[in-house]
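A short write-up of the structure that comes next.
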Amino acid sequence: MMDTQTQAQIYLADQRGCSETPFFRSYHTFNFGPYTAEDREPFGPLHLLNDDTLRVGASLTMRVEQPTTVVLFPVMGGLEYTVDGSIDFLEPGQLGVLAVPTGTTYSVSNPYEQEQINFLQLWLTNPSDDLQLTIDQIPFDLTTINTLLPIFGSTNLDHSDHPTVKGFIGRYTGRQEGTYPIAPAAELVDTGMFVFVLQGAFEVANRLLHAKDSLSLRYNQPDQLEFEALSNDAIILLLELPFR
């Protein structure tokens, strides 16, 4: 649904697209594969947010068709991923951030014999014309509560021709409030904020979001994003996205 007054869009969890096989299930926030909807176009550089579940012994292979930053985010259980012949493992509390050039194929596998796994995949268009493959594993600690923790991206955009996407995660107790300052990086660059509720419920910019709901907002001047946790152990993911 689109709020035309504030240019905010809510993506409800139960209105996402879905792909499913006996070994795999994926919910799509944005258009993906056979799932297409008029109001599910990419939000700035964010053009894929899939909530994926792999059953025992299953694997998933993906191919990017443009320079892309891929974020792999384990939610339940760890995952094994392979790119360019390199095999690595991620567990909850770690992110995999892959900068991959056009035509790169990578795979994600469930390494467990008795448990299914759940993870998020995010694809962010990378503006670099000569992107080289890089792989980073970034830890974060959700025992630090009521604080937004930086998980990827640059905090200094002053000397960058391509403002960088920044990601944050936070675990909050009930009725705890938080804010995030909005400061467009340049006169001709708007700032988009994308919010994904991983667990629990939040009120974000006066909008109610439950688990796996998302919200996008676009700003062209300084502002402040306000949110409040409405349940204990509520977890929120924030992305700051440059628009041109």
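The values are calculated or read from the model by the stated rules, or taken from the named source; none is laboratory data. Just so we're clear, the structure is a prediction, and the values are computed from it rather than from any experiment. As a convention, Cβ positions derive from the backbone with ideal geometry for all residues, glycine included, and neighbour counts pool all protein chains shown. Ligands, DNA and RNA are excluded from the accessible area calculation, which covers all protein heavy atoms including side chains. Shrake-Rupley method; radii C 1.70, N 1.55, O 1.52, S 1.80 Å.
Set side by side, the residues PRO42, PRO67 differ, and just one is within 16 Å of LEU122 (Cα to Cα), of a type outside the set (Val, Ile, Thr), out of contact with any Lys or Arg (no Cβ under 9 Å at 6 or more places or on another chain) and open to solvent by less than 40 Å² (accessible area, probe 1.4 Å), which is PRO67. None of GLN199, GLN221 is of a type in the set (S, T, N, Q) and over 21 Å from GLY93 (Cβ atoms) except GLN221.
In the range 113-134 there is at least one residue that is in a strand (DSSP E or B), among the β-branched types (Val, Ile, Thr) and at pLDDT below 95. Taken over the range 199-241, residues that are open to solvent by 30 Å² or more (accessible area, probe 1.4 Å) and touching a residue at least 60 places away in the same chain (Cβ under 8 Å) amount to 6. Pairing each residue of the range 48-70 that is closer than 20 Å to THR21 by Cβ and part of a strand (DSSP E or B) with any residue that is basic (Lys, Arg) and open to solvent by 10 Å² or more (accessible area, probe 1.4 Å), provided the two are 6+ apart or on different chains, yields C-beta distances under 6 Å for THR53/ARG25. Condition test on VAL75, is it open to solvent by less than 30 Å² (accessible area, probe 1.4 Å) and closer than 21 Å to HIS28 by Cα? Here the answer is no, as VAL75 does not meet what is asked.
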